[in-house]
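K.L.:
Before I ask anything, let me first share the structure, which is written out below as structure tokens.
The values are calculated or read from the model by the stated rules, or taken from the named source; none is laboratory data. Fair warning: this is a prediction, and the values are worked out from it, not measured in the lab. Note: ideal-geometry Cβ built from the backbone for every residue, glycine included; neighbour counts use all protein chains shown. Each accessible area value is taken on the protein alone, full model and side chains, heavy atoms only, with ligands, DNA and RNA left out. Shrake-Rupley method; radii C 1.70, N 1.55, O 1.52, S 1.80 Å.
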Amino acid sequence: MSKIVVLDYGHGLPDPGACGCGLEEYKVAAELGSAVKMHLERHNVKVVLTRTGPYSLSSVRDLKQNKREDLNKRVAIANAAEADLFVSFHLNSGGGTGYETLCYSIDARVRAVHDAVAEFLKFNNVKDRGIKVRTDLAVLKCKPKAVLLECLFIDNPKDMELMKKPSFFNGLTETIAKGILTAIGIKYVPLKNPGKKEEPRMKQADAEKIIIYLQAAWKAATCEDEKKEIGRLADEVRAAAGMKKVNG
Ligand SMILES: [Zn+2]
């Protein structure tokens, strides 16, 4: 049976969440979550979403009541899904910097999700604010093990400058997915970069022609160093054509 993960994109109109640096939390949270969803699905994980559009799950007009009903509905979806993990995507605000993982209680799954990202943060000089226990957040009290990821500060220009970089965004979402997969016992398979496929730079027939000339030069060579150098060049030509080296 395939594993099930609930992905919860934080907030939703009429509540945009925190705003800053020209960004709105409900949008960035959905972008982060969607990228993680792609990675999970290519590992055959069944992904259940709480909100699928820009709107909250409540139609109540009063914002406070809307938020309460929205959160209750998210918890109900999580509880009905019989999921292996619940992951909520948010962005922090209030003048700080960095990334943190919130949970109702810490266990190995929470650690797996956070630790995968911790390495990535270190590499990118992003502050790791660690794992924090929060018993007051409704979504963390759902039946599946739940984590809420505060993915940098939306009101911090330095944080958002990074977030806007595709290389950082892709790296972050890939490592979050890696952590989730580790938490639910699935080995991560890296995404193959189709642009990186190594094609031979030279046709084999051309390489063979050049090697014939090099062999003639090798025979005419008068010292060992010269022969060695010609052998090395022949191997470079073979490598360029995707052939096996002969001279080591
Ligand atoms: Zn939020």
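K.L.:
Counting Lys +1, Arg +1, Asp -1, Glu -1, what net charge surrounds VAL47 among other residues with beta carbon under 9 Å of its beta carbon?
P.N.:
Summing Lys and Arg as +1 and Asp and Glu as -1 gives +1.
K.L.:
Using a 10 Å cut-off on Cβ atoms, rank the peptides 51-58, 147-154 from the highest mean neighbour count down.
P.N.:
147-154, 51-58
K.L.:
What nm distance separates the two modelled labels at THR222 and GLU161, each placed 7 Å from Cα along Cα→Cβ?
P.N.:
6.2 nm
K.L.:
Return the lysines within reach of LYS73: Cα separation strictly under 28 angstrom, same-chain partners fewer than 8 residues apart disregarded; answer none if there are no such residues.
P.N.:
Of all the lysines, those that pass the test against LYS73 - Cα under 28 Å, at least 8 places apart if same chain - are LYS3, LYS27, LYS37, LYS46, LYS64, LYS132, LYS141, LYS143, LYS145, LYS178.
K.L.:
Starting with the highest mean, order 73-80, 159-166 by the number of other Cβ atoms within 10 Å, averaged over the residues of each peptide.
P.N.:
73-80, 159-166
K.L.:
Ranked highest first by average number of other Cβ atoms within 10 Å, how do 211-218, 234-241, 9-16 line up? Write out the running numbers ahead of the final one.
P.N.:
Details: 211-218: 14.2, 234-241: 17.4, 9-16: 20.6.
Going from most to least packed, we get 9-16, 234-241, 211-218.
K.L.:
In percent, how large is the relative contact order of the chain, given Cα pairs closer than 8 Å and 6 or more residues apart?
P.N.:
Relative contact order comes out at 20 percent.
K.L.:
I've got another one for you. Of the candidates LEU85, LEU140, LEU63, which one comes out as most mobile in a Gaussian network treatment of the chain with C-alpha springs shorter than 10 Å?
P.N.:
Judging by the Gaussian network model, the answer is LEU63.
K.L.:
Provide the percentage of antiparallel DSSP beta bridges, counting only those with both residues in the chain; round to the nearest 5.
P.N.:
Of those bridges, close to 30 percent are antiparallel.
K.L.:
Something else: Please enumerate, by chain and number, the lysines with C-alpha under 23 Å from the C-alpha of LYS227, excluding those fewer than 8 residues away in the same chain.
P.N.:
Cross-link targets: LYS209, LYS219, LYS244, LYS245.
K.L.:
Run the reach check for LYS122 against aspartates and glutamates, Cα to Cα strictly under 20 Å, same-chain hits fewer than 8 apart removed. What comes back?
P.N.:
Excluding near neighbours in sequence, the set is GLU100, GLU150, ASP159, GLU161, GLU174.
K.L.:
Accessible area per residue, 1.4 Å probe, Å², for the chain: what's the number? Present the calculation step by step, with values, prior to reporting the outcome.
P.N.:
Numbers: 13980 Å² over 248 residues.
In whole numbers, the chain has 56 Å² accessible per residue.
K.L.:
Rounded to a whole number, what % of the accessible area of the chain do carbon and sulfur atoms account for, probe 1.4 Å?
P.N.:
With neighbouring chains kept in place, the figure for the chain is 54 percent.
K.L.:
Given H placed 1.01 Å from N in the peptide plane, which residues other than close sequence neighbours of VAL48 have an amide H under 5 Å from its amide H?
P.N.:
VAL5, VAL6, LEU7
K.L.:
Let me ask something else. Net charge near LEU121: determine it from the other residues with C-beta under 14 Å of the C-beta of LEU121, scoring Lys and Arg +1 and Asp and Glu -1.
P.N.:
-2
K.L.:
I want to make sure I understand the PRE zone here: with the label point 7 angstrom from the Cα of ASP206 toward its beta carbon, which residues in segment 227-242 have backbone N atoms less than 19 Å away?
P.N.:
Residues 233-242 fall inside that zone.
K.L.:
Still on this structure, please answer the following. Among residues other than ALA112 whose Cβ falls under 14 Å from its Cβ, what is the net charge (Lys/Arg +1, Asp/Glu -1)?
P.N.:
+2
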